[in-house]
Every structure is written in C-alpha cells, then in structure tokens.
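Please treat every number below as a calculation from the coordinates, not as lab data. Keep in mind it's a predicted model, so treat the numbers as computed, not measured. Please note: Cβ atoms are built from the backbone with ideal geometry, for glycine as well, and neighbour counts cover all protein chains shown.
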Amino acid sequence: MGAEVPTLIVCLSISLCFNIGFIIFLFIKRRSRNIQYRKVENPDVENFPKNSTSSFGTNPQRSPEKEKESKDPPLKPIVNAKRSSEQAIRSDQGAPIVKEPQQRSDRQRLQEPIGREEFVKCMNSVVQFINEYFDESHKQPVIPEHDINSTRIHVKVPEKPEEFSEILKDLKEIVIPNICHTHHPRYHAKFAGKSLADIVGSTISAALGHDVNSSPIIDSIERIICKWLSSAMAIPQMKSWLNELRDPIGAVFYTPRDVFISIIRHSIEKVEKTDENSPKSDKEQKPKFSDYVVYCSDDSQIALEEACSSMKVRLRKVMTFNKDSSAMTSANLLKQMEKDKARGLIPLVIVANYGSANVAANDEIWDLVKISRKKKIWLHLDATYAGCEWLDSNCRNNIHALISELHSVHIACSSLFPYSGRISVVWSCERLDIEGAKTHYGEHPIRLWILIRLYGIRSIREAVKRKIILGNAFSERLTHHPEFFEMSHQNDHGVAVFQYRNKNVKDQKRDVNRMTSMFHNYLILSSTLKFSLLSYHGKVLIKAVVNYGRCNLSIMEESVSTLLNSVEEFEEALKKKKNLSETPRGEFCEFIGGSPNETTDITQTEDDPKKKNK
C-alpha cells in the first residue's frame with residue numbers, strides 16, 4: 001500500500017499538467033483569430049487588380065450590396081456537391097472517373113508556362129502530329145515549290161504564352177510546305193537516318209539532360225554499345241605495335257572529328273615515346289607538331305581536315321589521277337612519303353577508306369597494311385559509311401578479314417542505321433583517350449542505347465541490307481539507259497554516281513559538266529527529285545542513295561521512272577530555249593582540303609599529268 005500512493009500522486013500530477021496545457025492551447029488559438037497581419041507583396045506576380053481584397057490584408061469598409069451578397073449561400077460548395085453526386089452516379093454505373101485538371105493561377109503560369117497537365121496534352125498532340133507526318137510526308141513535294149504563306153510567321157515576339165494548337169497549325173500550314181523532306185521517297189541526296197524509335201530515344205535523352213562527364217552510368221552504356229556492335233559485326237582481334245593479337249578496345253566518340261584527334265594525339269605520343277628510348281645526339285630537338293604528316297585519299301571526310309587543323313599537323317592528300325580508280329594506291333602513297341622524308345617531315349598516320357565520303361571508293365587496304373607494318377606507321381580504317389554493312393555476314397569480305405592487321409577502325413551509326421545522331425564507334429588495339437572532358441555536342445549515348453533495344457540487331461540488319469540492295473538496284477536500272485546517263489565509280493555500297501549525257505539530242509555542243517549541273521538544278525526547281533552534286537577529278541557528278549526508311553522495290557522503280565520523265569521534260573525545255581541555269585556552287589558537296597600549313601599540293605607536281613606535259 002505504501003508503494004502505490006506515490007505512483008498515484010505522479011499520475012494525478014501528469015494528468016493535471018496535460019489539462020492545463022490543453023486549456024492554454026485553446027486560449028492562444030482563439031486569441032490568434034483577432035490578430036491583424038501586414039499585407040505581404042508577391043514578387044513573382046507583377047499586376048494585381050488594385051481594388052481586390054486579400055485575406056491577409058486589413059478589412060476595408062464593405063458596402064451594403066456586398067453585405068447582401070455575403071448572406072447568399074456560396075457557389076463553390078454547391079458546384080462541389082454536384083460534382084461529387086455526378087462522380088457517385090458514374091461509379092455506380094461502372095464508368096471511369098475522369099479527374100478534371102485544375103485551373104492554374106497567373107503566378108503558376110508565369111513560373112512554368114507548361115505544367116504537368118499541359119505537357120500531357122501537348123505531347124499527345126505531338127505524337128499525333130509525328131505519326132501523321134511519317135504517314136503523309138510523301139504527299140508533299142520533296143523540295144518546296146515556292147514560298148507559301150510565310151508572311152504569317154513574321155510576327156512580333158509573343159509576350160504571353162500562345163496556345164499549342166496555334167503553333168501546330170503554323171507548323172502544318174507554313175513550315176511543312178516550305179522545307180526539304182528527308183523522310184520522303186524521292187529524297188536521294190544523302191543518308192539521314194530517321195525512325196520513330198529514334199525520336200523516342202531522342203525525346204527521353206533530351207528530357208534527362210544529364211552531364212556526360214558527371215554520370216557514371218554513361219561509361220557503362222558506352223561500353224555496352226561497343227560490346228553489342230562488336231559482337232554483331234564480328235570485329236576480330238587486332239594486332240598491336242608488337243604484333244600481338246589483342247581483343248579490340250571499343251570507345252564511343254560524339255563526332256568523327258574527335259575520332260581523328262584522338263588517333264593523331266595517340267600516334268604522336270607513341271612516336272615521342274619511341275624517340276625517347278632510341279639513342280640520339282644532344283643537338284636533335286623534339287619535333288614540332290607541324291613536322292608530322294597524316295596521309296589520306298582525296299575523297300576522305302572533311303572531319304579529318306578539321307582534326308589536322310586543330311592538332312596543327314600536316315595533311316597530305318594522295319591524289320589519284322587514274323580515271324578508272326578513285327582509291328588511294330600504295331605506289332602513290334610511297335612517293336609522297338619519300339618526298340616528305342627528304343624534306344625532314346615525319347609520316348605519322350595513314351587513314352584508309354572503306355566507302356569514301358562522296359563516291360564510296362575502297363582504298364587498297366592490303367597494300368597499305370604492308371606499308372604500315374614496314375614503316376611502323378599507325379593505320380586507321382575509316383569505315384564511316386560502309387562499315388555498317390558488316391552486320392550482315394554475307395557482306396564481310398576480305399577487308400573485314402584485314403581488320404586484324406589494322407591499328408584502329410571506326411564506323412558512324414548515322415550512315416545506314418535508322419538513327420540520326422552523330423555518334424561514332426571506334427575499335428583499336430590500344431586504348432584511345434580523350435584529353436580533358438568529353439564534349440557531347442548535345443548528343444547522348446542513351447539515345448542510341450534505346451534505339452538498339454527497341455529495334456534489335458536483327459531489325460537494324462534488315463534496314464541496312466534494304467538500303468544497300470535498293471541502292472544497288474537503282475544504279476543497275478540507270479545502266480539500262482546509256483543514252484541518258486554515264487555511270488561512274490561503280491561500287492557495291494548502294495551509291496549511284498552518274499553524269500547526264502543525252503546522246504539523242506543532235507548538235508549538242510554544250511559541255512557535259514555544264515549539262516549535268518543544269519539538269520540537277522532543273523530537278524530542284526521542278527521539286528521532283530533531290531540528289532547530291534559533286535565535282536570530282538574534273539567531272540561534275542550526280543550522286544544518289546536510297547534513304548527512305550519505308551522504301552521498297554516499287555517505290556524505287558517510281559523514282560527511276562520520275563527521273564526518266566524529267567529527262568524528257570528537260571530536253572523539251574532545252575528545245576524551247578528556256579532560261580535554264582546551272583546549280584549554285586553552294587549545292588555542291590564539300591571535299592577535303594589541306595592543313596593550314598598549305599602543304600597539300602607541293603608534293604603533287606610529278607604525279608599531275610597536266611604539269612608533266614608542261
């Protein structure tokens with residue numbers, strides 16, 4: 001009994017304190033209702049009605065009319081009651097309850113014009129717009145015929161947010177009729193891979209907006225992409241400088257220029273390391289970057305020239321004057337190397353082509369391998385375009401077997417893949433590092449990673465095969481009309497190169513190059529077909545590829561028929577002596593030039609037949 005009394009006293013004390021605290025809380029809460037707060041201005045919203053009242057401000061004098069209005073029952077509870085009753089009826093009938101979007105305030109729209117509900121609505125409209133464009137783009141002319149209603153787009157800067165429906169209306173009525181459609185059956189100028197899966201990957205990649213250099217998962221995704229493509233293309237082991245076979249080391253680069261810069265820098269490090277280990281006199285100085293020379297054919301990528309300019313090394317184009325060949329030969333390469341060594345220059349890298357930039361030519365890879373091994377020069381194979389063919393086992397020819405003899409090789413996924421990004425994949429015998437942080441140029445590997453997973457290697461392989469087969473068939477159809485076209489630089493990579501030569505026209509004294517340029521410009525002005533135009537080895541040539549992702553044999557045959565009909569119309573225009581102009585120089589394809597050291601043409605004198613005759 002003595003121990004229970006203190007326990008009882010403690011419990012009574014705790015209960016008393018709790019009751020006193022509750023009474024004080026109720027008193028303070030009731031008193032706080034009469035406290036008047038100062039009015040706080042909102043810095044996010046600029047314009048408010050001056051006569052509006054705020055629940056946080058002082059209460060102004062209210063008029064008798066407003067007093068009467070306040071006595072009326074509020075409208076909001078009645079509306080809410082009706083909505084709840086409608087939802088109850090819908091739930092009883094089994095119909096789904098649709099959550100109505102809440103109306104956002106001016107302050108919210110000022111901070112974020114497109115909210116969650118608006119974003120869903122806009123994306124639904126975008127998906128419908130893209131599907132309609134992919135299904136109906138063939139109804140538009142491949143090249144805009146003339147300027148259509150573009151004056152509507154020249155308006156003042158929109159001060160307030162516009163409705164997305166108005167923007168879509170301008171896209172359909174103004175933008176689409178005035179652009180050149182790469183997703184069109186009659187577009188044959190170049191490869192511009194585009195697919196719905198690519199758009200899905202691009203949308204997700206843009207939404208993530210991650211920093212490549214600070215995201216650890218990006219390195220893993222890049223390695224996965226290299227491993228997938230290496231397995232799909234059966235990339236073999238590659239020999240190192242010590243002639244040891246090693247598993248190829250894959251790397252992802254975001255532009256072809258970065259590929260060449262990394263190879264040039266790595267080769268310079270190898271040469272400098274070899275010079276340090278070799279005995280030399282104290283008078284010999286370390287070579288400058290301008291003493292190194294990179295060799296390539298005259299139909300290599302522009303990106304190689306940009307890389308040489310960035311690294312301040314010399315670029316030597318090995319010219320080919322044989323009209324039946326457009327490849328870099330070992331004989332011409334050795335001549336240029338001997339001349340450069342006589343001038344005290346150092347051969348650094350040989351860049352061979354498998355499917356060159358414009359005419360899809362193949363260099364003499366095996367002979368170049370021999371020179372590389374003999375002179376210990378880095379040999380890189382630029383398979384930007386034709387390398388994608390290795391997805392098909394039937395296209396793995398002798399050049400694929402020579403990969404084991406190379407130091408590095410790279411492909412560009414945008415050439416034949418249904419992918420419009422800029423990523424290049426490189427495999428080399430040694431790791432190629434990028435100095436400093438990677439520059440992704442708005443491109444992310446997640447986009448390509450999603451595309452490969454959505455398509456699968458099998459579907460990508462079929463898409464690549466379809467473009468090559470249809471391109472070769474297009475070239476074969478033109479050979480049946482020698483009275484109109486003269487084929488040039490024939491290849492197996494799906495690229496048709498030809499000149500316009502109409503032998504049926506009598507007394508035709510015009511130059512063939514000029515006629516080809518005029519015919520190409522006529523096709524552009526008539527909005528029937530879109531081809532590329534290039535000037536190569538003194539010839540003006542038209543280049544055609546099959547780019548349309550949904551193309552088949554019948555669609556390709558229609559392009560050939562359209563081309564033959566355009567020939568007849570062009571000849572009629574010539575007979576009527578209409579003013580037909582040549583294609584502007586801006587429409588011609590670019591060709592690689594020399595480095596800023598201006599040494600490209602110095603060593604070409606003995607090989608140039610025109611200078612020989614002089």
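General remarks:
- For region 529-539, backbone phi angles converted through the Karplus equation (6.51, -1.76, 1.60; θ = phi - 60°) give residue-by-residue couplings of 9, 10, 10, 9, 10, 9, 10, 9, 6, x, 10 Hz, Gly and Pro being listed as x.
- Residues whose placed amide H lies under 5 Å from that of Ser532, excluding near-sequence neighbours: Lys543
- Rounded to the nearest Hz, the phi-derived 3J(HN,Hα) couplings of region 448-456 under the Karplus curve 6.51 cos²θ - 1.76 cosθ + 1.60 (θ = phi - 60°) are 5, 4, 5, 4, 4, 6, 6, 7, x, where x marks glycine and proline.
- Computed from backbone phi with θ = phi - 60° and the Karplus coefficients 6.51, -1.76 and 1.60, the 3J(HN,Hα) list for region 383-396 is 10, 3, 9, 6, x, 5, 5, 5, 4, 8, 4, 6, 9, 7 Hz; x is used for glycine and proline.
- Environment charge of Phe531, counting only residues whose C-beta is closer than 12 Å and scoring Lys/Arg +1, Asp/Glu -1: +3
- Extension gain, Ser105 back to Thr203 (0.36 nm per residue minus Cα-Cα distance, nm): 32.4 nm
- Between Glu272 and Val5, the simple label model (points 7 Å from Cα in the Cβ direction) yields a spacing of 9.6 nm.
- Modelled FRET efficiency - R0 60 Å, Arg373 with Ala192, Cβ distances, 0.05 increments: 0.95
- The gain in end-to-end length when the Arg514 to Arg585 segment is fully stretched comes to 24.3 nm, 0.36 nm per residue minus the alpha carbon separation.
- Spin-label pair Ile114-Ile224: with each label point 7 Å from Cα along the Cα-Cβ axis, the two points sit 2.7 nm from one another.
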